[in-house]
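Heads up: the structure comes next, in C-alpha cells.
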Amino acid sequence: MKNIVILISGTGSNMAAIVKTAQREKWAVNCGARVAAVISNKAEARGLKFASDHGIVTEVLDHKAYPSREAFDAALAQVIDRYDSPSQPVLVVLAGFMRILTPGFVSRYAGRLVNIHPSLLPAFAGLHTHQRAMDAGCQVTGATVHLVTAELDHGPILAQAVVPVLPGDTADTLGARVLAQEHLIYPQAIAKLLQRM
C-alpha cells in the first residue's frame, strides 16, 4: 500500500477533493494507495476537521515553534517518514500548504512531492496569480499540477487545466473557476502518479 500524506494550511478544499476521489474511485483497491495522514502547520486549519471526520489521522506542526525553516522542515520530515517505508512508499501532496520548503526537504522526497499552482506554469509563479493574469491581459489562465523542485513553482508538469478570463472577472470570480478545475485535475494527476510509483 502506498501512503499519501497531504500538507495543508487552511480550508483544504483540494485535500477534500483528493479524499473524496480516493474513496469514490477506490484507490486502495485500484491504485494500492490510501490517504494516510493530513498535516497542517496551523492548528486552526479547517481542513483538519474534514480529514478527521473522514477517519484520516491529522497532525499539527506549528512552524512558529521552530527557530528556522530548516528546523521546521526537519521536524516535518520526521512526521512524514512515519508513513514511509520500502513496502509503503509515501507520496507527499501539497494542498494549500503555505510554506516555502527548503532544498533539503525537496530533495528528500524528489519525485514523490507534488503541488498544484493556480496558473498555467511557467507563467505567474508565486502569489496573486489571478490578478496578475488579468493585469497582463491574459485571455486564459488555469491551474498546474507539478512535481516540486527546489525552484519555487517549477518542476515537471503533470497536468494542466485552462480557464478563460471573462469580461468583468475579478480575482475572486476567476479564482473560484480555477479552483473548481483544480479539484478535478489534482486527484486525476495523483492517481496517474501513484500508478508509476
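Within segment 75-99, can you find the residues that are surrounded by fewer than 19 Cβ atoms within 10 Å (Cβ to Cβ) and either touching a helix residue (DSSP H, G or I) at 6+ places or on another chain (Cβ under 8 Å) or among the hydroxyl-bearing types (Ser, Thr, Tyr) (or both)?
If the condition is that a residue be surrounded by fewer than 19 Cβ atoms within 10 Å (Cβ to Cβ) and either touching a helix residue (DSSP H, G or I) at 6+ places or on another chain (Cβ under 8 Å) or among the hydroxyl-bearing types (Ser, Thr, Tyr) (or both), then Ala77, Ser85, Ser87, Arg99 are the ones that fit.
Quick one: which residue in His130, His183 is over 22 Å from Val92 (Cβ atoms), in a helix (DSSP H, G or I) and not acidic (Asp, Glu)?
The conditions single out His130.
Kindly indicate whether any position in segment 88-98 is on the phi > 0 side of the Ramachandran plot and out of contact with any Pro (no Cβ under 6 Å at 6 or more places or on another chain).
Just the residues of segment 88-98 that are on the phi > 0 side of the Ramachandran plot, to begin with: 96.
Then keep just the ones that are out of contact with any Pro (no Cβ under 6 Å at 6 or more places or on another chain); that gives 96.
Taking every residue of segment 88-98 in turn, at least one turns out to be on the phi > 0 side of the Ramachandran plot and out of contact with any Pro (no Cβ under 6 Å at 6 or more places or on another chain).
Can you name the number of the only condition in (1) among the acidic types (Asp, Glu); (2) farther than 22 Å from Leu101 by Cα; (3) free of Cβ contacts under 8 Å to residues at least 12 places away in the same chain that Glu44 fails?
(2)
Which of (1) in contact with an Asp or Glu (Cβ under 7 Å, 6 or more places away or on another chain); (2) surrounded by fewer than 19 Cβ atoms within 10 Å (Cβ to Cβ); (3) under 22 Å from Phe72 (Cβ atoms); (4) not hydroxyl-bearing (Ser, Thr, Tyr) does Pro103 not meet, given it meets every other one?
Just one mismatch for Pro103, condition (1).
Can you name the number of the only condition in (1) over 18 Å from the mean Cα position of the chain (by Cα); (2) surrounded by fewer than 16 Cβ atoms within 10 Å (Cβ to Cβ); (3) assigned to a loop (DSSP other than H, G, I, E, B) that Asp169 fails?
Asp169 satisfies all of (1) over 18 Å from the mean Cα position of the chain (by Cα); (2) surrounded by fewer than 16 Cβ atoms within 10 Å (Cβ to Cβ); (3) assigned to a loop (DSSP other than H, G, I, E, B) except (2).
Considering Phe50, Phe124, Phe72, which residue is over 26 Å from Arg196 (Cβ atoms), aromatic (Phe, Trp, Tyr), surrounded by 15 or more Cβ atoms within 10 Å (Cβ to Cβ) and without any contact (Cβ under 8 Å) to a residue 24 or more places away in the chain?
Numbers: Phe50 fails: without any contact (Cβ under 8 Å) to a residue 24 or more places away in the chain; Phe72 fails: without any contact (Cβ under 8 Å) to a residue 24 or more places away in the chain.
Only one candidate passes the filter, namely Phe124.
If you take the residues in segment 154-166 that are in contact with a strand residue (DSSP E or B) (Cβ under 7 Å, 6 or more places away or on another chain), over 10 Å from Ser119 (Cα atoms) and of a type outside the set (A, V, I, L, M), which one is surrounded by the most Cβ atoms within 10 Å (Cβ to Cβ)?
That would be Gly155.
If a residue must be over 14 Å from Val140 (Cα atoms) and either in a loop (DSSP other than H, G, I, E, B) or at pLDDT below 95 (or both), how many such residues does segment 154-166 contain?
Quick first cut of segment 154-166, residues over 14 Å from Val140 (Cα atoms) only: 154-159.
Remaining after also requiring either in a loop (DSSP other than H, G, I, E, B) or at pLDDT below 95 (or both): 154-156.
Summing the residues that are over 14 Å from Val140 (Cα atoms) and either in a loop (DSSP other than H, G, I, E, B) or at pLDDT below 95 (or both) in segment 154-166 gives 3.
State which residue pairs qualify: first residue surrounded by fewer than 17 Cβ atoms within 10 Å (Cβ to Cβ) and inside segment 131-152, second residue charged (D, E, K, R) in any location, beta carbons under 9 Å apart, and separation of 6 or more residues or different chains.
Met134/Asp169
The values are calculated or read from the model by the stated rules, or taken from the named source; none is laboratory data. These numbers come from a predicted model, not from an experiment. With ideal geometry, Cβ positions are generated from the backbone for all residues, glycine too; neighbour counts draw on all protein chains shown.
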